[in-house]
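S.K.: I have a structure here, written as C-alpha cells, and I will follow up with some questions on it.
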Amino acid sequence: MEKKIIYLRDTDSAQQERINDFFTLFSNELRDANLVDLVQLVKIADIGLYEKGVAVKILPENIVYSGIKNTDVKKIIEETVKNNKIIKELLYEKKSKQVRAVLKNCGYIDPESMEDYIAAGGYKALVKVLTEMKPENVVDELKKSGLRGRGGAGYPTWMKWNFARGMNSPEKYVICNGDEGDPGAYMDRSVLEGDPHSVLEGMIIAGYTIGSSKGFFYIRAEYPLAVERVQKAIDQAIAAGLLGNNILGSGFNFELEIRLGAGAFVCGEETALIASIEGKRGTPHPRPPYPSVKGLWEKPTIINNVETLANIPALIVGGGAKFASIGTEKSKGTKVFALTGKVKNSGLVEVPMGITLREIIFDIGGGILNNRAIKAIQTGGPSGGVIPQEFLDTPVDYENLGKLGSIMGSGGMIAIDETDCLVDLAKFYLKFCVDESCGKCAPCRLGGYQLLRILEKISEGNGELEDLNRLKKISYAMQKASLCGLGQSASNPVFSTIRYFEEEYKQHIVNKKCPAGKCKALVYFKILPQKCKKCGLCMKNCPSNAILGSREAGYVIDPQKCIKCGACFDVCKFKAVMKE
Amino acid sequence: MKKLTKEDILSVDPAKKDLGKSWIKVGMSTCGVAAGADEVYATLIDEAKKRNIEIDIRKCGCQGACSVEPLVEVNVEGLPKVLYGRVTKDVAITILERHVRNKKLLNDYIFEIN
C-alpha cells in the first residue's frame, strides 16, 4: 500500500472537543491494522465544510467523508485506506464554489517578479493582440464576452472601448481606477498587490485597442504596498521592452505612469478622478460629455476599474465565448467580493455570477459568527443597500441586486446579524458620505447633512413618524438632483433600510427601543437581583464606576454614571445583567 | 534585463511552472503583513539557513483567507500541497523541522478553504 494522509476535522462549531476522541479512535485502529508508518493522521483547522459533523479527507485520493460516527472508523480504514474502496453512504462530493479567474495568480506567483508572471502564462494575451488581432477584433471579443465594468455601475466594457476607439484624436488616454474607497472593500488592493502585471497587461491591450499611447494608474496613496509593486512592475516591463516604443516589434508605443490619489472618496468618480490627475481639485463635473469623448485634458479617455482590466488577459487568451460561458444571461464571468462583517471566514472570494448569496455566506463564508441568525447582507458599500435574509437565495448579478434596491458595487459584501441595528448601519454609511461629499452640488452637500441629522434624532429616541417621510423625500431629491454618483447613491442605505426594516425604525420612533441594543441612548442596563450571584465581576469591569454595592448587599447600576458600554453585560456569567 | 521577444513569451508552458519543485510561499499582501507575515518570512529565511534546510522560500500575494493570515503554503515532494494559516514564528520553525525535514504535516494549522 502506498503512503496516505488522513485529514480530520469536526465541522460542527458547537462541539470542538469531540475531535480528540476521533483522533484517538483513528490512531488505535491504525495501530491495530499495522498502518502507523504508512498513514499520517492530521487534525486540520478547516476542511471547507460547515455543520456537517465529523469529516475526514483521505489523500492522495481526495476522498471526503462527512457525518462519520465512531462505528464508521474501522470501516473507513478497512475499506478505503487499505483497499481504496469508496463508502458511498458517507461520501461528500465536495465541489468548490469559487472560480478563480482574476485572482488565479494571487497567492500563486511572486508579485514582484515578472519572470514568475510570464512563467504562469502572462503576457501571452499581449502577444496575441499585437500579432493576430486588429483593434476591432479586440472589441468584438469583448462584446462576445459580455464583460461589464467591475467598478460598480456595470457598463459594458466593449462599448466604452469602442466609443473611444471611434474618436478621431491623435491623443487618447487609458486610466486604471485604483481609488478603491468603500469601507470594507479591498479587492482591487489585493489584485494590485498580488498580480500587478495582469492589470498592466490589460492596460497595454486597452491602449492598443483605442489607439492610445499613454496610460495612468490612479491609485490611492493609502495603498503604499500596491503603489510600490505596480511601480516595480512598470519598471520591469520597461526593461523588458513591454512598455515604451515599438513593443515586441509591432510598432505600437505605450507608456504608463502612476498618479496617487490624496484620500478623497469622490475621486473614484471618473470625472473627479480626471480632474485630480490634471492637478485640479478633485470635484466631479456634469456628464455628458462622457470621458470617452472628452476626458483627460479634453481628450478621449477610457477609465476602467482594476478588476475589469485584470479580466482582460485571460479573456483574450481564452476567447470571449469561453468567458461568456460563466455567469447569467446579462452578467458574465466572475466577480471578486470582499466578504466581511459577522461571517466566520472573512476574506476575498471569487465566484461565478449567478451564485446565490446563501452559497457565498454559508458554503464559502462558513456561516455567521457564534451561530447567530443572519439578518441581512449589505452590498456595494455606501452606495449600496441592504438585502434582507428572505432574499438570500437570489442569484447574484447586476440586475438582481438592482431590483432588490442594492447594487453590485465594487464588491464589498458585509454580513449583518441580529445584533446589528439597521438604523445605526444607515447612519454609519451616511456619515461616511457626508464626510466625503465634495460640496460642489447642493443636493448632496445639504441633503446628506439633513438625512444624517434626522437619523441621529431617531437613534437618540427623539424621532417622530413624520421623519420617515422626510427621509424618503430628501433621499429621492438627492437621487434625482445630485451631480455625481456619490450624491445620487448616498441615500441608498437609508432607502433600502426603510424599505425592508421600517418596523425597526418604528421601534426606535414609537417605542423608543433599539431591538439590537446598538443605539446607546435607547439601551438600558439593569442587574436582576434574582439571578445575581453577587460575584462582583461587573463592578470590577465597569470602566466608569457606575456599579454600586457590595458582595453582601448585591449590586445596582447608577444610570447617571453608566456610559452603556456593555462591559458588565459581557462579563456576567449568570446572565444577571439585562439589556433592554 | 534583456528585451523580451514574442518567442520568449509564447514558448512558455504555464502547466510546467514549478513542476517537481519544493517551495514555501508566504502571503505578503497588506492583509498578511498586517498580521505579521514579514516576521514569519524573515524567520523562515533565517532558520532555514541556520538548520541547513534547503528550500525555495518566496513571497506571494493574498490567497483570500484573510481571517487566518499569515498564510504559508508549503509544497514538498511526496506530500500534498498544504496551506497553513495563523502561522507564528514558532509555527514557522515547526514547519521547517516537521514538515520540510521530517515530512510530517502539522496538526491544527492546515486550512482547506476552497
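S.K.: I'd like the full set of residues that are more than 14 Å from chain B (Cβ to nearest Cβ), part of a loop (DSSP other than H, G, I, E, B) and crowded, with 17+ Cβ neighbours inside 10 Å, limited to region A:245-276.
M.R.: First pass over region A:245-276, keeping only residues more than 14 Å from chain B (Cβ to nearest Cβ): A:253-276.
Still in the running and part of a loop (DSSP other than H, G, I, E, B): A:253, A:262-264, A:269.
Within region A:245-276, A:Ala264, A:Glu269 qualify.
S.K.: Another question, then. Given the criterion out of contact with any helix residue (DSSP H, G or I) (no Cβ under 7 Å at 6 or more places or on another chain) and in a loop (DSSP other than H, G, I, E, B), identify the matching residue among A:Gly181, A:Gly279, A:Gly207.
M.R.: A:Gly279
S.K.: The conditions are (1) within 14 Å of chain B (Cβ to nearest Cβ); (2) assigned to a helix (DSSP H, G or I), and A:Leu242 fails exactly one of them. Which is it?
M.R.: So A:Leu242 meets the others, but not (2).
S.K.: Identify, by number, the condition in (1) in a strand (DSSP E or B); (2) modelled with pLDDT under 95; (3) over 23 Å from the mean Cα position of the chain (by Cα) that A:Thr340 doesn't meet.
M.R.: (3)
S.K.: Would you check which residues across region A:12-64 are outside any strand (DSSP E or B), β-branched (Val, Ile, Thr), away from every other protein chain (no Cβ under 11 Å) and surrounded by 13 or more Cβ atoms within 10 Å (Cβ to Cβ) and list them?
M.R.: Going through region A:12-64, the residues outside any strand (DSSP E or B) turn out to be A:12-38, A:44-45, A:47-53, A:60-62.
Restricting the remaining residues to those that are β-branched (Val, Ile, Thr) gives A:19, A:24, A:36, A:44, A:47.
Okay, now just the ones that are also away from every other protein chain (no Cβ under 11 Å), so A:24, A:36.
Listed by number, the list is empty, since nothing qualifies.
S.K.: Take region A:222-239 and flag every residue that is buried (at least 23 other Cβ atoms within 10 Å of the Cβ) and not in a helix (DSSP H, G or I). Can you show your working first?
M.R.: If we filter region A:222-239 for residues that are buried (at least 23 other Cβ atoms within 10 Å of the Cβ), which is where we start, we get A:226, A:230, A:233, A:237.
Matches in region A:222-239: none.
S.K.: Something else: From the residues in region A:346-373 that are over 13 Å from A:Ser13 (Cα atoms) and part of a loop (DSSP other than H, G, I, E, B), which one is farthest from the chain's Cα centre (by Cα)?
M.R.: A:Ala373
S.K.: It is to be established whether one or more residues within region A:340-352 are away from chain B (no Cβ under 11 Å), under 19 Å from A:Gln98 (Cα atoms) and either crowded, with 23+ Cβ neighbours inside 10 Å or among the small types (Gly, Ala, Ser) (or both). It would help to see each step written out before you state the result.
M.R.: Kept after step one, since they are away from chain B (no Cβ under 11 Å), are these residues of region A:340-352: A:341-342, A:352.
Next, from what is left, pick out any that are under 19 Å from A:Gln98 (Cα atoms): A:352.
Subsequent filtering for residues that are either crowded, with 23+ Cβ neighbours inside 10 Å or among the small types (Gly, Ala, Ser) (or both) retains none.
No, there is no match, as no residue in region A:340-352 is away from chain B (no Cβ under 11 Å), under 19 Å from A:Gln98 (Cα atoms) and either crowded, with 23+ Cβ neighbours inside 10 Å or among the small types (Gly, Ala, Ser) (or both).
S.K.: In addition: Being touching a Lys or Arg at 6+ places or on another chain (Cβ under 8 Å) and either without any contact (Cβ under 8 Å) to a residue 60 or more places away in the chain or farther than 23 Å from A:Lys520 by Cα (or both) is the filter here; which residues of region A:451-467 pass it? Working first, answer last.
M.R.: So the first thing to find is which residues in region A:451-467 are touching a Lys or Arg at 6+ places or on another chain (Cβ under 8 Å), and the list is A:452, A:454-456, A:459, A:461, A:463, A:465, A:467.
Result: A:Leu452, A:Ile454, A:Leu455, A:Glu456, A:Gly463, A:Leu465, A:Asp467.
S.K.: Condition first: outside any helix (DSSP H, G or I) and touching a residue at least 24 places away in the same chain (Cβ under 8 Å). Now tell me which residues in region A:160-178 satisfy that. Spell out the reasoning first.
M.R.: As a first pass, look at region A:160-178 and keep what is outside any helix (DSSP H, G or I): A:167-178.
A:Met167, A:Ser169, A:Glu171, A:Lys172, A:Tyr173, A:Val174, A:Ile175, A:Cys176, A:Asn177, A:Gly178 - these are the residues of region A:160-178 that are outside any helix (DSSP H, G or I) and touching a residue at least 24 places away in the same chain (Cβ under 8 Å).
S.K.: Can I ask one more? Going by what's in this entry, would A:Gly107 be described as at the interface with chain B (Cβ under 9 Å from one of its Cβ atoms) and on the phi > 0 side of the Ramachandran plot? Steps first, please.
M.R.: Numbers: at the interface with chain B (Cβ under 9 Å from one of its Cβ atoms): yes; on the phi > 0 side of the Ramachandran plot: yes.
Yes, satisfied.
S.K.: Within region A:554-564, can one find any residue that is modelled with pLDDT under 90 and touching a helix residue (DSSP H, G or I) at 6+ places or on another chain (Cβ under 7 Å)?
M.R.: Checked against the condition, which is being modelled with pLDDT under 90 and touching a helix residue (DSSP H, G or I) at 6+ places or on another chain (Cβ under 7 Å), region A:554-564 yields at least one hit.
S.K.: Whether any residue in region A:152-174 is in contact with a Pro (Cβ under 8 Å, 6 or more places away or on another chain), more than 25 Å from A:Leu243 (Cα to Cα) and of a type in the set (A, V, I, L, M, F, W, C) is what I want to check.
M.R.: Looking through region A:152-174, none of the residues is in contact with a Pro (Cβ under 8 Å, 6 or more places away or on another chain), more than 25 Å from A:Leu243 (Cα to Cα) and of a type in the set (A, V, I, L, M, F, W, C).
S.K.: Exactly one of these conditions fails for A:Leu91: (1) at pLDDT below 95; (2) touching a Leu at 6+ places or on another chain (Cβ under 8 Å). Give me its number.
M.R.: It fails just one condition, (2).
S.K.: Restricting to helices (runs of 4 or more DSSP H) lying wholly in region B:11-114: which have 3 or more residues that are at the interface with chain A (Cβ under 10 Å from one of its Cβ atoms)? It would help to see each step written out before you state the result.
M.R.: Details: elements: B:30-34, B:37-50, B:89-94.
Once the helices (runs of 4 or more DSSP H) in region B:11-114 are filtered for at least 3 residues that are at the interface with chain A (Cβ under 10 Å from one of its Cβ atoms), what remains is B:30-34.
S.K.: Given the residues A:Ile219, A:Ile210, A:Ile204, which is the only one that is touching a residue at least 40 places away in the same chain (Cβ under 8 Å), touching a Gly at 6+ places or on another chain (Cβ under 7 Å) and crowded, with 24+ Cβ neighbours inside 10 Å?
M.R.: Values: A:Ile210 fails: touching a Gly at 6+ places or on another chain (Cβ under 7 Å); A:Ile204 fails: touching a Gly at 6+ places or on another chain (Cβ under 7 Å).
The unique qualifying residue is A:Ile219.
S.K.: May I ask you to list the residues in region A:531-553 that are surrounded by fewer than 15 Cβ atoms within 10 Å (Cβ to Cβ) and either touching a residue at least 40 places away in the same chain (Cβ under 8 Å) or under 16 Å from A:Glu580 (Cα atoms) (or both)?
M.R.: Those that are surrounded by fewer than 15 Cβ atoms within 10 Å (Cβ to Cβ) and either touching a residue at least 40 places away in the same chain (Cβ under 8 Å) or under 16 Å from A:Glu580 (Cα atoms) (or both): A:Lys531, A:Lys533.
The values are calculated or read from the model by the stated rules, or taken from the named source; none is laboratory data. Fair warning: this is a prediction, and the values are worked out from it, not measured in the lab. Glycine gets a Cβ as well: all are built from the backbone with ideal geometry, and neighbour counts include every protein chain shown.
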